[in-house]
Amino acid sequence: LSRPDDLIAFGDDPRAFLRLRLTGRSPQLDRLLAALRPRLVHAHFGGDGWLISGAAARLGVPLIVTVHGHDVTRQPAAPGLKGLRYRRNLRTVFDRAAVVVAVSEEIRKRAIGWGADPAKVRVHHTGVPIPHPSPPARLVEKEWDVVFVGRFVEKKGTDDLLAALTGVPARALFIGDGPLLPEMRAYAARLGVDATFRGSLPPAEVARLLTASKLLAAPSRTAADGDTEGLPTTVVEAAREDCRARPRL
């Protein structure tokens with residue numbers, strides 16, 4: 001996903017990044033940020049926000065942090081010293097940030113629960129690029145009844161979807177990869193679900209298959225370790241593809 005004009009702070013010096021993670025300070029990062037002379041710094045995820053927050057504060061640059069999900073659900077609830085250190089860092093970045101952006105109302109509540117000032121936290125739903133105007137769309141033949149796009153991890157609830165499809169005469173397509181993929185393949189076979197697993201696919205192919213499906217299923221639940229979704233980008237992308245696929249009158 002990188003672009004030619006991206007700046008990489010620690011590509012050739014992993015020790016410098018480790019030093020930043022341990023101490024929250026990096027002369028290398030300070031110099032890079034100072035050379036850019038930004039008007040503001042926008043960090044994604046609470047943990048990464050903490051990593052950049054010291055440099056932004058030393059330069060007097062306003063910091064905006066977007067929290068997405070596990071950074072205010074699973075990670076701060078971790079047991080032991082790891083969780084203690086993360087909660088301390090999270091409170092620090094919340095104090096330093098001028099604005100905290102949450103991708104959903106639930107994630108806003110979680111951020112406030114971990115110490116963010118309610119007056120700083122704003123809900124701004126995740127967006128996707130808007131395509132250029134295209135010629136009038138034609139009706140697309142539907143190849144699949146149900147499509148799932150996402151990582152095969154507990155919070156995605158793929159097993160719930162497979163259980164719901166048991167006994168339903170539907171062709172289901174599962175796109176994505178993850179640690180639970182082999183288990184979900186075996187589970188689908190045991191249930192007798194007509195499920196095809198395609199693994200990870202390029203974005204253009206995912207968009208085509210979304211258009212060629214009758215229904216997107218995006219189950220979600222809180223995982224045993226507390227990991228919770230914010231706003232699945234798949235839902236927004238599917239809505240965009242649905243609009244593009246509808247014939248214009």
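Values for this structure:
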quantity	calculated
Distant alpha-carbon pairs in segment 158-205 (separation over 13 angstrom), percent	54
Cα pair count fraction exceeding 25 Å, expressed as % - segment 1-145	40
FRET efficiency, Leu180 to Ala77 (Cβ-Cβ, R0 25 Å, nearest 0.05)	0.75
Reachable aspartates and glutamates from Lys156, criterion Cα separation under 20 angstrom, eight or more residues apart if same chain	Asp71, Glu105, Glu106, Asp145, Asp177, Glu183, Asp194, Asp225, Asp227, Glu229, Glu237
Long-range HN-HN contacts of Val123 with modeled amide H, under 5 Å	Ala102
Helical mean residue ellipticity (222 nm; -39500 (n - 2.57) per DSSP H run of 4+; nearest 500) of the chain	-12500 deg cm²/dmol
Gain upon complete extension [Arg91, Ala189; 0.36 nm per residue less C-alpha separation]	30.7 nm
Carbon/sulfur fraction of accessible area - the chain, other protein chains in place, 1.4 Å, %	57
Under the Karplus curve 6.51 cos²θ - 1.76 cosθ + 1.60, θ = phi - 60°, whole-Hz ³J(HN,Hα) for segment 95-106, x wherever Gly or Pro sits	5, 7, 6, 6, 9, 10, 9, 10, 7, 7, 5, 5
Rule-of-thumb Rg ratio for segment 21-65 [Cα; 2.2 N^0.38 Å; N residues]	1.03
Sequence-distant residues sharing a close amide H with His42 (under 5 Å, placed H)	Ile64
Relative contact order, percent, segment 19-138 [alpha-carbon distance under 8 Å, six or more residues apart]	21
Helix 181-191 axis, angle to the chain major axis (alpha carbon atoms, nearest 10°)	30
Accessible area in square angstrom per residue, segment 46-172, 1.4 angstrom probe	52
Pairwise label distance in nanometres, His124 with Leu18, each label 7 Å out on the Cα-Cβ vector	3.6
Three principal axis lengths of the chain [C-alpha, angstrom, descending]	60, 47, 40
Taking the chain and dividing mean pair separation by its residue count, relative contact order in percent (alpha carbons under 8 Å, at least six apart)	18
Local electrostatic count at Gly69 - Lys and Arg +1, Asp and Glu -1, tallied over other residues with Cβ under 15 Å	0
All-pairs Cα distance distribution in segment 1-81, expressed in whole percent, bin size 10 Å	16, 44, 34, 6, 0
Karplus-derived HN-Hα couplings along segment 197-207 (A = 6.51, B = -1.76, C = 1.60, θ = phi - 60°), whole Hz, x at Gly and Pro	10, 9, x, 6, 10, x, x, 5, 6, 4, 4
Charge dipole of the chain about the Cα centre (unit charges at C-beta), most positive-ward option of Leu36, Val103, His125	Leu36
Electrostatic dipole magnitude of the chain [Cβ: Lys, Arg +1; Asp, Glu -1; Cα centre; debye, to 20]	780
Spherically averaged projected area in nm², based on the convex hull that wraps the Cα atoms of segment 150-249	7.1
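The values are calculated or read from the model by the stated rules, or taken from the named source; none is laboratory data. None of the values given here were measured: they were computed from a predicted structure. Cβ atoms come from the backbone with ideal geometry, glycine included; neighbour counts cover every protein chain shown. When the accessible area is computed, the model is the full protein with side chains, heavy atoms only, and any ligands, DNA or RNA have been set aside. Shrake-Rupley method; radii C 1.70, N 1.55, O 1.52, S 1.80 Å.
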